[in-house]
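K.L.:
The structure that follows is given in the form of structure tokens.
The values are calculated or read from the model by the stated rules, or taken from the named source; none is laboratory data. Just so you know, these numbers come straight off a predicted model, no measurement behind them. Every residue, glycine among them, receives a Cβ derived from its backbone with ideal geometry; neighbour counts consider all protein chains shown. Accessible surface areas use protein heavy atoms only, side chains included; no ligands, DNA or RNA. Shrake-Rupley method; radii C 1.70, N 1.55, O 1.52, S 1.80 Å.
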Amino acid sequence: DAEITQSPRHKITETGRQVTLACHQTWNHNNMFWYRQDLGHGLRLIHYSYGVQDTNKGEVSDGYSVSRSNTEDLPLTLESAASSQTSVYFCASSGDRNTEAFFGQGTRLTVV
Amino acid sequence: AQKVTQAQTEISVVEKEDVTLDCVYETRDTTYYLFWYKQPPSGELVFLIRRNSFDEQNEISGRYSWNFQKSTSSFNFTITASQVVDSAVYFCALSESTGRRALTFGSGTRLQVQP
């Protein structure tokens, strides 16, 4: 069965370190997204991609970057982790015509 | 810019009660899509329904029903005869047909169903 997986599921890192969260999907979806979930804010869009070599900023992109070198993967990098980036991160993918997005299980990141 | 508002932060009901979760949206697009997702205590996000802006028919799926009203920019979700397993956070979301296809989420409503 097709799926979308995130790794790691939990991560503790120190302030200032670079961290990369992995997202891999086997749906063959062109659209991929990264969100962060914080209490009281719902899910907020960090970055998104419509296809290979395409990346775009969302509402809360400062301090994050993504790259899309193939259809299956959209890794999220925190260039220099900050305590404000402690959150639960969700990766998602969707087909081309505003279809529903499928979400990974989430990564809980703690920056100490 | 698009926006989704879920004014109810938390709702608590007793099992078998009916409950309605409100969702109000803002968009400049004439064609858009509305979604509801469920996030149970285990944390995953589960897709419930997708509705496009041209289809204002109400939808019923078992104990779940959705009322889409363009005139009031609302897409409300009703659970009939609630059960403890319905306890979760529910998110309403919007995507526009032009521009980006990313979902814009409301802040969520936490539903607690007491036995």
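Residue-by-condition table, conditions (1) open to solvent by 40 Å² or more (accessible area, probe 1.4 Å); (2) assigned to a strand (DSSP E or B); (3) in contact with a strand residue (DSSP E or B) (Cβ under 9 Å, 6 or more places away or on another chain):
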{"residue": "B:W36", "(1), (2), (3)": "no, yes, yes"}
{"residue": "B:F54", "(1), (2), (3)": "yes, no, no"}
{"residue": "B:F68", "(1), (2), (3)": "no, yes, yes"}
{"residue": "B:V89", "(1), (2), (3)": "no, yes, yes"}
{"residue": "B:C92", "(1), (2), (3)": "no, yes, yes"}
{"residue": "B:R101", "(1), (2), (3)": "yes, no, yes"}
{"residue": "B:S107", "(1), (2), (3)": "yes, no, yes"}
{"residue": "B:Q112", "(1), (2), (3)": "yes, yes, yes"}
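K.L.:
Further question: Which of the residues spanning region B:1-34 are in a strand (DSSP E or B), at pLDDT 95 or above, open to solvent by 20 Å² or more (accessible area, probe 1.4 Å) and not charged (D, E, K, R)?
P.N.:
B:T5, B:I11, B:S12, B:V14, B:T20, B:V24
K.L.:
Of the residues A:S61, A:S49, which is of a type in the set (S, T, N, Q) and either open to solvent by 50 Å² or more (accessible area, probe 1.4 Å) or out of contact with any Ser or Thr (no Cβ under 9 Å at 6 or more places or on another chain) (or both)?
P.N.:
Numbers: A:S49 fails: either open to solvent by 50 Å² or more (accessible area, probe 1.4 Å) or out of contact with any Ser or Thr (no Cβ under 9 Å at 6 or more places or on another chain) (or both).
Among A:S61, A:S49, only A:S61 is of a type in the set (S, T, N, Q) and either open to solvent by 50 Å² or more (accessible area, probe 1.4 Å) or out of contact with any Ser or Thr (no Cβ under 9 Å at 6 or more places or on another chain) (or both).
K.L.:
Evaluate region B:74-81: report whether one residue or more is open to solvent by 40 Å² or more (accessible area, probe 1.4 Å) and β-branched (V, I, T).
P.N.:
Yes; the residues of region B:74-81 include at least one that is open to solvent by 40 Å² or more (accessible area, probe 1.4 Å) and β-branched (V, I, T).
K.L.:
Let me ask something else about it. Does B:Y37 satisfy the criteria of being within 15 Å of A:G42 (Cβ to Cβ), of a type outside the set (A, V, I, L, M) and facing chain A (nearest Cβ under 10 Å)?
P.N.:
Judged against the criteria, B:Y37 is a match.
K.L.:
Considering region B:38-52 alone, what residues qualify as being assigned to a strand (DSSP E or B) and either open to solvent by less than 50 Å² (accessible area, probe 1.4 Å) or over 19 Å from A:G106 (Cβ atoms) (or both)? Write out each step before concluding.
P.N.:
Filtering region B:38-52 for residues assigned to a strand (DSSP E or B) gives B:38-39, B:46-52.
B:K38, B:Q39, B:L48, B:I49, B:R50, B:R51, B:N52, listed by residue number.
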